[in-house]
1. Can you tell me how many residues within the stretch 28-41 are open to solvent by less than 80 Å² (accessible area, probe 1.4 Å) and near the ligand (Cβ under 7 Å from one of its atoms)?
2. Based on this model, can you work out whether residue 44 counts as within 16 Å of the ligand (Cβ to nearest atom), open to solvent by less than 60 Å² (accessible area, probe 1.4 Å) and not in a strand (DSSP E or B)?
3. Within the stretch 225-235, is there a residue that is over 20 Å from residue 90 (Cα atoms) and out of contact with any helix residue (DSSP H, G or I) (no Cβ under 7 Å at 6 or more places or on another chain)?
4. Pick from 207, 234, 225: which is open to solvent by less than 20 Å² (accessible area, probe 1.4 Å) and out of contact with any Lys or Arg (no Cβ under 7 Å at 6 or more places or on another chain)?
5. Could you figure out which of (1) out of contact with any helix residue (DSSP H, G or I) (no Cβ under 8 Å at 6 or more places or on another chain); (2) of a type in the set (Lys, Arg); (3) open to solvent by less than 70 Å² (accessible area, probe 1.4 Å) isn't true of residue 186?
6. State whether the residues of the stretch 61-75 include one that is open to solvent by less than 50 Å² (accessible area, probe 1.4 Å), closer than 26 Å to residue 172 by Cβ and aliphatic (A, V, I, L, M).
7. Is it true that some residue in the stretch 208-220 is touching an Asp or Glu at 6+ places or on another chain (Cβ under 6 Å) and of a type outside the set (A, V, I, L, M, F, W, C)?
8. Test residue 58 against the criterion of being among the β-branched types (Val, Ile, Thr) and more than 14 Å from the chain's Cα centre (by Cα), and give yes or no.
Amino acid sequence: MAEIGQMKSKGSTDYKCPICKDTGRVFFDKDGYSYVDDCECGLLKKQAMARRLKFADIPESFKEMTLDTFKTDIYQDERSERIIQTNVKAVNYWLDHFDEMKKRGQGLYFYSYTKGSGKTRLATSIANELMTKRDVTVKFTTSIQLIDEIKATWDKDYEVTEHQLLLDLSKTEVLIIDDFGIEEAKAWLMERFYQVINNRYIANLITIFTSNIGLENLKYDDRITNRIKERSLTLAFPEESIRDQIYKKNMAELAAAIA
Ligand SMILES: [Zn+2]
C-alpha cells in the first residue's frame, strides 16, 4: 500500500492512527490506478459527526437525550404514563420507517397545553438518534431564536443575509422548531414561516414541531397550518409537567450519593 500526500514530518508514533497519519484518508494503487479511500479508523466519519452535532445546536441540557434513556415512568398520573408510552412507541415506529418517512417528508407535531410535558426531550432524543445512528443532519431551533435571527439579518453588517438564512432553513435535512405557535401572527413573520415551511414541503423535507397549541388551534395563516397538517403525524402529550418530578428525582439521587 503506497501512501502519498503525507506532508507532516511527525514520527509515526505521534499519530493516533498510524495508517492514515490522522488524515482520515488512505491512498493506494491498484492495477496501475491510484485510489483514495476512507481509513478504517473512521476519522472522517467522526469529524463529520462532530460537525453535525455542532450544526444541530441542541441545547446543552438535551445533548445526552436518547430514546433508550427517555423516562416514561416519571409522570405521576397513570393516564399520562400511558400517553407517553404510546408516543414513544409511535416515535420508534417513525424511526424504524425513517427511509419511508423521509421520502414522503412526513414529520411530527408534538403538542400539549401544559409546559414541561416532555415534548422537547422527546424531540431532541429523536435528533440525537438521527445524527448518531443514521448520519442525518438536524437543525434545532426555537421559534424565538428563529425570529431573533431573522431580525438580526436586517442589520446590513450581519454575517448572513436574510435570503441565505431562509434558504438554509429551507434546505436542512431535518429541522426541529421548538415552541412553535407562541408568536403573534404578524404578516411579515407569516411570510417568512410560510416561505420556509412551503420550501420544505415542496422538497419533501422533514420538520418536527413542538408546541403548546394543537394544530387546530394554531392562530396562523391557513397556508401554513395546511402544509403542516399534510406532513405531520400529530402526537398529543400528557397535560402534566414533569419538570418538578425530574427536579425531585435529581435531588433524591444527590442525597443518596452523598449519604
Ligand atoms: Zn486512520
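The values are calculated or read from the model by the stated rules, or taken from the named source; none is laboratory data. On a predicted model such as this, the values are computed, not experimentally measured, just so you know. In this analysis, Cβ positions are derived from the backbone assuming ideal geometry, glycine residues included, and neighbour counts consider all displayed protein chains. Keep in mind that these areas ignore ligands, DNA and RNA; they rest on the heavy atoms of the full protein, side chains included. Shrake-Rupley method; radii C 1.70, N 1.55, O 1.52, S 1.80 Å.
1. 2
2. yes
3. Of the stretch 225-235, the ones over 20 Å from residue 90 (Cα atoms) are 225-227.
Those left that are additionally out of contact with any helix residue (DSSP H, G or I) (no Cβ under 7 Å at 6 or more places or on another chain): 226.
The answer is yes, given that some residue of the stretch 225-235 is over 20 Å from residue 90 (Cα atoms) and out of contact with any helix residue (DSSP H, G or I) (no Cβ under 7 Å at 6 or more places or on another chain).
4. Working: 207 fails: out of contact with any Lys or Arg (no Cβ under 7 Å at 6 or more places or on another chain); 234 fails: open to solvent by less than 20 Å² (accessible area, probe 1.4 Å).
After applying the criteria, what remains is 225.
5. Of (1) out of contact with any helix residue (DSSP H, G or I) (no Cβ under 8 Å at 6 or more places or on another chain); (2) of a type in the set (Lys, Arg); (3) open to solvent by less than 70 Å² (accessible area, probe 1.4 Å), only one is false for residue 186: (3).
6. So far as the stretch 61-75 goes, yes, one or more of its residues are open to solvent by less than 50 Å² (accessible area, probe 1.4 Å), closer than 26 Å to residue 172 by Cβ and aliphatic (A, V, I, L, M).
7. Among the residues of the stretch 208-220, at least one is touching an Asp or Glu at 6+ places or on another chain (Cβ under 6 Å) and of a type outside the set (A, V, I, L, M, F, W, C), which makes the answer yes.
8. So residue 58 does not fit the description; no.
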